[in-house]
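Visitor: I have a structure I would like to understand better, so I am pasting it below and will then ask my questions one at a time.
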């Protein structure tokens with residue numbers, strides 16, 4: 001789940017962790033009541049700053065994805081289908097934003113990008 | 001106490017050719033501080049000065065609030081150290097060197113030590129002279145951690161190790177930091193490893209400090225900008241500092257800038273200039289560009 005974290009990315013590490021966990025909740029890979037690794041375990045395993053893990057977990061708690069139970073750990077909360085589908089939309093938008101940024105880098109216009117997406121959605125081909 | 005390591009105006013002449021000059025470092029308590037610099041820039045000398053292993057010519061050093069060298073024993077009792085070269089006796093076994101080491105540290109965590117021996121696959125009866133480089137590095141980390149220090153001073157603890165050993169050693173360190181909240185001062189050439197966990201960065205070159213700042217500021221202030229049609233643009237009155245400028249293919253240029261803020265994109269809004277991309281400089285690139293600019297300024 002946490003493979004390919006990229007410390008060089010402009011997206012901060014805590015957000016990369018949070019995004020992956022939210023995706024796992026949205027797809028059902030993580031279910032209500034599942035426990036997340038402890039801060040200590042995850043920081044050690046990923047070789048990252050413990051504060052980064054805390055920041056990721058705190059953000060997820062604020063957004064209602066997990067709850068921190070004193071002394072017991074961090075657990076996935078039951079998340080409504082509405083939140084799950086909202087998260088899927090957020091994921092799709094993140095991908096689109098990334099694509100727009102890449103397009104800008106190559107100097108492609110939005111029109112060119114739009115046409116390319118339509119083309120691929122229609123099955124691609126020459 | 002909010003400062004774990006405080007160095008002020010440190011001077012030390014190592015040889016006619018090399019000196020540490022007017023070095024000031026501030027390592028906040030709880031920081032994971034990455035200490036970077038090219039080979040021979042004075043990192044190891046600085047660490048030796050911090051630990052009272054060399055006598056400074058001028059300046060002031062405090063470790064965990066204790067004056068160095070006057071209160072050195074009190075400081076070292078609370079400090080775990082991995083020196084640049086193993087300092088252990090080659091003819092002792094691992095078990096014997098653990099017994100020797102723990103005698104100096106009342107907080108020694110024997111339970112965790114035996115756990116780590118297992119995790120690191122170190123055999124207690126093995127003699128230190130027979131250990132591989134990786135096994136030595138693991139033993140050094142084990143000794144430094146199991147004394148349960150408040151401060152860890154680590155001189156290239158994972159450089160030259162294979163990726164598996166590097167992971168083991170770093171995981172143990174970060175595991176400890178998570179549970180104990182200790183301060184870590186670590187020098188290394190493995191910039192991409194430091195980038196994963198450090199929240200403070202200090203860069204040295206030629207015996208002097210180039211820059212010291214929180215990692216977040218480093219990331220947000222140093223950018224690589226790609227521009228089209230900017231050949232005639234003069235950065236003289238720019239609100240940022242231009243560190244490097246490079247022609248890419250065609251009309252596209254890459255600028256490396258320092259002191260960047262998002263609202264500065266407006267500066268590029270002029271005839272024919274297109275701002276293609278603004279990306280964070282990763283630590284390695286930022287480090288290289290900062291050194292280049294520092295050296296250009298010096299000479």
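Visitor: Would you pick out the residues in the range A:1-34 that are part of a loop (DSSP other than H, G, I, E, B), more than 11 Å from chain B (Cβ to nearest Cβ) and surrounded by fewer than 17 Cβ atoms within 10 Å (Cβ to Cβ)?
Guide: A:1, A:2, A:3, A:4, A:28, A:29, A:31, A:32, A:33, A:34
Visitor: What single numbered condition from (1) part of a strand (DSSP E or B); (2) farther than 22 Å from residue A:11 by Cβ; (3) within 14 Å of chain A (Cβ to nearest Cβ) fails to hold for residue B:255?
Guide: (3)
Visitor: Tell me, which strands (runs of 3 or more DSSP E) wholly within the range B:39-92 include 3 or more residues that are surrounded by 15 or more Cβ atoms within 10 Å (Cβ to Cβ), more than 20 Å from the chain's Cα centre (by Cα) and free of Cβ contacts under 8 Å to residues at least 12 places away in the same chain?
Guide: It comes to none.
Visitor: Assigned to a helix (DSSP H, G or I), touching a strand residue (DSSP E or B) at 6+ places or on another chain (Cβ under 6 Å) and within 30 Å of residue B:131 (Cα to Cα): does that describe residue B:174?
Guide: No.
Visitor: In addition: Considering (1) modelled with pLDDT under 90; (2) more than 19 Å from residue A:19 (Cβ to Cβ); (3) within 14 Å of chain B (Cβ to nearest Cβ), say which one residue A:124 fails and leave the rest.
Guide: Status for residue A:124: all satisfied but (3).
Visitor: Give the residues of the range B:262-287 that are away from every other protein chain (no Cβ under 14 Å) and surrounded by 15 or more Cβ atoms within 10 Å (Cβ to Cβ), sorted by residue number.
Guide: Answer for the range B:262-287, where residues must be away from every other protein chain (no Cβ under 14 Å) and surrounded by 15 or more Cβ atoms within 10 Å (Cβ to Cβ): B:264, B:267.
Visitor: Which ones in the range B:179-196 are in contact with a helix residue (DSSP H, G or I) (Cβ under 6 Å, 6 or more places away or on another chain), crowded, with 22+ Cβ neighbours inside 10 Å and either under 18 Å from residue A:41 (Cβ atoms) or facing another protein chain (nearest Cβ under 7 Å) (or both)?
Guide: Once the filter is applied, which keeps residues that are in contact with a helix residue (DSSP H, G or I) (Cβ under 6 Å, 6 or more places away or on another chain), crowded, with 22+ Cβ neighbours inside 10 Å and either under 18 Å from residue A:41 (Cβ atoms) or facing another protein chain (nearest Cβ under 7 Å) (or both), the range B:179-196 yields only B:195.
Visitor: So, in the range B:234-252, how many residues would count as being more than 11 Å from chain A (Cβ to nearest Cβ) and either assigned to a strand (DSSP E or B) or in contact with a strand residue (DSSP E or B) (Cβ under 6 Å, 6 or more places away or on another chain) (or both)?
Guide: Count: 10.
Visitor: Can I ask one more? Among the residues of the range B:177-199 satisfying the criterion of being at pLDDT below 90 and part of a loop (DSSP other than H, G, I, E, B), which is farthest from residue A:11 (Cα to Cα)?
Guide: Here the answer is B:181.
The values are calculated or read from the model by the stated rules, or taken from the named source; none is laboratory data. Treat the numbers as computed from the prediction; the structure is a model and nothing was measured. Note that each Cβ is placed from the backbone with ideal geometry, even for glycine, and that neighbours are counted across all protein chains shown.
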